[in-house]
1. So what are the three principal axis dimensions of the stretch 31-169 from its Cα atoms, in whole Å, longest to shortest?
2. Project the alpha carbons of the chain onto their principal axes and report the range along each, largest first, in whole Å.
3. Per residue, how large is the accessible surface of the stretch 17-98? Use a 1.4 angstrom probe and give square angstrom.
4. Can you give the charge dipole size of the stretch 264-401 about its Cα centre, rounded to the nearest 20 debye, using +1 on the beta carbon of Lys and Arg and -1 on the beta carbon of Asp and Glu?
5. In the stretch 427-471, what percent of the accessible surface is made up of carbon and sulfur (1.4 Å probe, ligands and nucleic acids excluded)?
6. How are the alpha carbon pair distances in the stretch 56-119 distributed across 10 Å bins from zero to the largest one, expressed in percent?
7. Rank these by accessible area, largest first, 1.4 Å probe: W236, W78.
8. Summarise the accessible area of the stretch 120-159 (1.4 Å probe, protein heavy atoms) by the percent that is carbon and sulfur.
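The values are calculated or read from the model by the stated rules, or taken from the named source; none is laboratory data. What you see is a predicted model; the values in this text were computed from it and never measured. Counting neighbours? That spans all protein chains shown, and the Cβs are built from the backbone with ideal geometry, glycine included. Heavy atoms of the whole protein, side chains included, go into the accessibility calculation; ligands, DNA and RNA do not. Shrake-Rupley method; radii C 1.70, N 1.55, O 1.52, S 1.80 Å.
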Amino acid sequence: MSTQTTPPATPSVPIAERPGRTLTLAAVLLAVFVVPMSISGTAVALPDIGAATQAELVPLQWVVNAFNVAFACFTLVWGSVADIIGRVKAFAAGAVIYALASLASATVSEVIWLDVARALAGIGGAAIFSCGAAIISTVYDGPARAKAFALFGTCAGIGVAIGPSLAGVLVQSVGWRSVFALHAIALFLVLLAVPAMAKAMPAGGRSDARFDVAGSALFVIAMVLLTTAIVQGSQWSWGSVGVLGLFAGAAIVLTIFTVVENRRTHPMLDLSVLRNRRFVGLCLVPVAASFGFVTMLTYLPSYLTAVTGRDAGAAGLMMVLLTAPVLICPMLAAKLVNGGVPALSLIYASLACLLVGDIALTLFDPDVAVAVVALPMIVTGAGMGLSAGLVDGKALELVDPAKAGMAAGFLNTLRLGSEAVAVAVYGSALATVLGTRISDGIAAHENAGDTDRVADLTAGGDIDGAVSASGAADPAAFHSFLARSYDAAFHSVLWGLAAACLALCVLVAVLLRSGSDRTAAS
């Protein structure tokens, strides 16, 4: 797909003097702030959502997974849509979808409809990130562009940072529905700035562009098959016909997608851009962050409530240790780069922080003091924050400006697609390991039964519900058994995440060292 370089508002007006630039940036940043806040805030609200809707583990996991999968599936699709209707109109359409979906999330009463609403919000979020980054790259240049992207990363970091604590306060004081209502209000405010955005960058699309229906459909199908296979692995067994069939289907559809895209005049993904190894390496940095940071962001709150006995508010406040560096580090990284520190050095430092932080998080146990795990949480958060925004700006510098929208779409597809996969892998692996431990030990507890239901509730963070469902004669002893089982499963999965992080760090290093700084083929 070839995404156009949008012309200035008027040929005689320099980029720095375009009207509406400041309001455009503010609107994009507010929208970018809300999306990660939605992800991290939803994680804190999951136990209350599960209790209120009586949801089982898989539907509850899809409250998070549906958003991430839809985001990953539609980021490239929105790039194609923006080619036709223009980046501002596509951004506005995404904001409308996100606002309405968040409003629906705040009002539904059944978890299946909440999953659907969250999927729609993910579709809107894909437009916000893909088109928002492309808009910034068009209306800013030079040092102002670098600063704008640093703010882009900082606002995303702010959303991640305050999401858990704000959601925890809202869940305790008002209820989980207020978390989604707040997102809807913020996006309606963003829509008020659309006229100013149109002045800063005309929203007209290209008349010669054609929407890649086949490519878009194939990509969406492949992502849905892949993520469903991962999510259902613990439920159906990893070696079952259903799971293996889903993986095989995803591989086949991705192969067909590659063939189709190579033959398209206006493909959804121009595969020529992937010839630049440095660009691909930079795009893989957020993938490492997905496994090293986003998984902890999503599931650590459940560990804190289920194993350490903290309530939602206390868990949210403790999560600030993990998320605060994401607020501070993007601007710090920008200042260091402007001061002469090589950007690649900071990117390597971020990868090292992710790896070391994940390994150190194994210090968590049911009775752990905050002081013991504070430094590992801060280091892990720094691993995410140092590369946020910096990676986006450096990656887009390597791409033909005419492909900035498509490149931003590809980067964010890997970012959110890997988040969807990483979160699904974590949840499925945790459920598998935990289910095995519970199955092996439940016989030692008198009258305890319904192993599958107990394992599902425990994996979802509802140990009290699991104890009640089990019918155990000694609830206190069984509660302790489940907490220990969850703790052991958490540590097993954490070591797996560290191994995945290490492999990705090595791959990124190889690509960045072997790649060139040349602009991707046009």
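1. Result for the stretch 31-169: principal-axis Cα extents of 52, 32, 21 Å.
2. Here the Cα extents, ordered largest to smallest, are 81, 47, 47 Å.
3. 25 Å²
4. In total the dipole reaches around 420 debye.
5. Solvent-exposed carbon and sulfur of the stretch 427-471 make up 42 percent of the total.
6. 21, 44, 26, 8, 0
7. If we order W236, W78 from most to least accessible, we get W236, W78.
8. Exposed carbon and sulfur together represent 75 percent of the surface.
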